[in-house]
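The values are calculated or read from the model by the stated rules, or taken from the named source; none is laboratory data. Treat the numbers as computed from the prediction; the structure is a model and nothing was measured. Heads up, the Cβs are rebuilt from the backbone with ideal geometry, glycines too, and the neighbour counts pull from every protein chain shown. Please note that ligands, DNA and RNA were not included when accessible areas were found on the heavy atoms of the full protein model with its side chains. Shrake-Rupley method; radii C 1.70, N 1.55, O 1.52, S 1.80 Å.
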Amino acid sequence: MTAVDVVVSSRVASLLADMTLEEKLAQITGFWEDEKGDVVAPLQGEVSVTGGLEDATRHGIGHFTRIYGTTPVDADARARVLWERQRALVAGTRQGIPAIVHEEILTGLSAWKAATYPGPLTWGAAFDPALVARMGALIGRDCRALGIHQGLAPVLDVVRDPRWGRVEECIGEDPYLVGEIGTSYVEGVQSEGVHATLKHFVGYSASRSGRNFGPVSMGPRELRDVMMVPFEMAVVDGGVRSVMHAYTEIDGMPTAADGSLLTGVLRDEWGFDGVVVADYFGVAFLHLLHGIARDLSEAAALALEAGVDVELPTGDAYLAPLAAAVRDGRVPEELVDRAVARVLAQKESLGLLDASFDGPAPSGAELDGPEHREVARLLAERGIVLLANDGTLPLAVAGDDAAAGSGASSRIAVIGPNADRYQAMFGCYSFANHVLDKRPGTELGLDVPTVLDAVRDELGPVLSARGCDVQGGSREGFAEAVSAAQAADVAIVVVGDQAGLFGRGTSGEGCDTDSLELPGVQRDLVEEVLATGTPVVLVLVTGRPYAIGWALERCAAVVQAFFPGEEGARAIAGVLSGRVNPSGRLPVSIPRDTGAQPYSYLHPRLGGDTDVTNLSSAPPLGFGEGLSYTTFAYEDLAAVDAATDGTMRVAVTVRNTGDRDGDEVVQVYAHQRRASLTRPVAQLVGFARVPLAAGESRRVTLDIPAARLAFSGRDLVRAVEPGEVELWVGTPVRRELEAVVALTGSRCAVGRESARRVRVEVG
């Protein structure tokens, strides 16, 4: 493929034809001023060779890397600096082309004092694509206000092993849930004229033993039918404009050099016509880590030919090494032209080719206003999962006996290492834990109460004790914690993770684990408090699910929050008090133990418990589970047969049979009874979040494309096979109502024209 194969405007073609080689290479690389500062990327201090701004931009530049997100700077002041740099590119380079500015946007815009939303596991737990799209639009608006054109999110890796540190960046373990939520996020961001970037294409989350950068041993069917599904949805249905390759090697082939993925699947099959960017230093890693390239010039050649258009964060391989390879004939310049054409087309679509930056820099952008707070609150509240409850919850505000559970008017102790730490609310890619953890004494700049603060505000005076740290083995605080519990009627014990980078935390990039017990001595602390006889409400604030089957059996209640963001503590307190009726559902299974991993609910019959092994892998609580303070009942399930190229219509009535208003997450699962290859015992094919007043019932209709049941056959072609399909509402293991439908017709291959998304109507 050459530049001729890339359809571009006459303006882009003219610009490209007029460029020197140096000007072309500048357009497919980035400049990162803070590259030698605080480490926020793997091997950051050892890889980059970029010089200063003037040297890096003398021929122009493709990207400005993370202008806002690697140091605490005033947004208005930084915007003025950015405007001057853009103006200098327009006025001081021969082509006069501004740079694309990209930033991390996983939990909100990564900038000092910008709103920080819940982590992606909370998005998955909320089962609310519309709310996630609304959040994405707010993030896109904030980016646009500061001159940022491209955001590095969402992460569409399907969770396969909770030991992996980057589980906190993922949406869940079901590919359809990940795809639907992730595509909604893309649509939200891009509705504001900012380009989203899918991460990490593909297979990254399936590394051996859950180790970051670990090799992936996965067959082509699993790769296609599980890992690629969310990416296909976001590309074909969401129209995403950028994709980032993974650091992964699959069966020995690094994805950064795999043209069958980056060109064959992404472009030829799915029709992607945007830009593929490198994960930071990923091109150089073909030489430095994977060892398939002799030097950086060969690494550049491999990546460019495979389809990596832009090297980020800098130009380690795509500048001098690639220039030398082009000049001595080892790399055809047409490959460079192809990448440059795509970048220029992206800049044209963003309006950058007409931007002069003559006016004043933007200022006064509201980065954490009332609407940000509302969305952060709603997403946190809807994403908290009540895992167990013996009636102790809700704990009512003193004097509010009507709303109380058994904890009414109780003396309350709030204990634990995450009880009084605002950092516990945030994930690894939040500004607080990504940057400020290395800047002690720098103000957060956001109103973020701790759980202790929020519980006091919600329930009145409480006793408190830390007990222990998140990490480490010190038990010095146990006695104080036990004393507080003994003096209370209920002990709220808040445990979990500290997000960080490359070993600086218990969760996050480069913070993998070989144990799924709570970090440090936190379980010992909980055991000590349980031994007092005081009922324990265990609150988990984590970036991954932990093996807490023991707690589900012995604690009065267990509440799971996955890094719930700036409004997370208030959401937790609202659930504890009953002001918020919990409605989150698990986006990942609670592990039985470390030895049962990797595990996914999406397994064939022999992937679960059987009579032919003495070991159980069944989780104590699985995907889709979650409790409420009210009860729901299902009635009148109707499902009709469909053609293999058609749509299955499923309708069911859901009724709130309790005395509280609440949201039910209606989940529809399927199992194909007979097929040419083994099929999962349960597969999520549709869902709907349904608000219901006490006593209210509503009819929910889901039009489910038969393509949701497609799989790669013996010929490796994804297709829908005819046959009987069991459908039910409930969870993978709990069938509230069930039906059987027939898929009729012949085997039907699916492609980019096939429907993938479910249409939901709530009457």
(message) Nearest 10 degrees is fine. How inclined is helix 370-383 to the longest principal axis of the chain, computing both from alpha carbons?
(response) 60 degrees
(request) Grab the Cα-Cα distance for Arg673 and Thr613, subtract it from 0.36 nm times how many residues apart they are, and report the gain in nm with one decimal. (result) 19.3 nm
(message) Quick check: net charge around Leu716, other residues with Cβ under 10 Å of its Cβ, Lys/Arg +1 and Asp/Glu -1?
(response) +3
(request) Go through Leu289, Leu743 and list them by solvent-accessible area, largest first, probe radius 1.4 Å. (result) Leu289, Leu743
(message) Can you classify the range 171-215 as rounded, prolate or oblate using the Cα gyration tensor, where a ≥ b ≥ c are the square roots of its eigenvalues, rounded means a/c under 1.5, and otherwise it's prolate if a/b beats b/c and oblate if not?
(response) oblate
(message) If you fit an axis through the alpha-carbon atoms of helix 75-92 and take the longest principal axis of the Cα set of the chain, what angle between them do you get, 0 to 90°, nearest 10?
(response) 20 degrees
(request) Rounded, prolate or oblate: pick one for the range 561-654, where a ≥ b ≥ c are the square roots of the eigenvalues of its C-alpha gyration tensor, a/c under 1.5 means rounded, and failing that, prolate if a/b is larger than b/c, else oblate. (result) oblate
(message) Need the full-extension length gain, Asp514 to Arg759, defined as separation in residues times 0.36 nm minus the C-alpha distance. One decimal, nm.
(response) 84.1 nm
(request) Could you state the angle between the C-alpha long axis of helix 129-145 and the longest principal axis of the C-alpha atoms of the chain, as a value from 0 to 90 degrees rounded to the nearest 10? (result) 40 degrees
(request) Evaluate the distance, in nm, between pseudo-label points positioned 7 Å from the Cα of Ala320 and of Ala77 along their respective Cα→Cβ axes. (result) 3.4 nm
(message) Please list, ordered by chain and number, the residues whose modelled amide H lies under 5 Å from the amide H of Leu152; skip anything fewer than 5 residues away on the same chain.
(response) Glu103, Glu104, Ile105
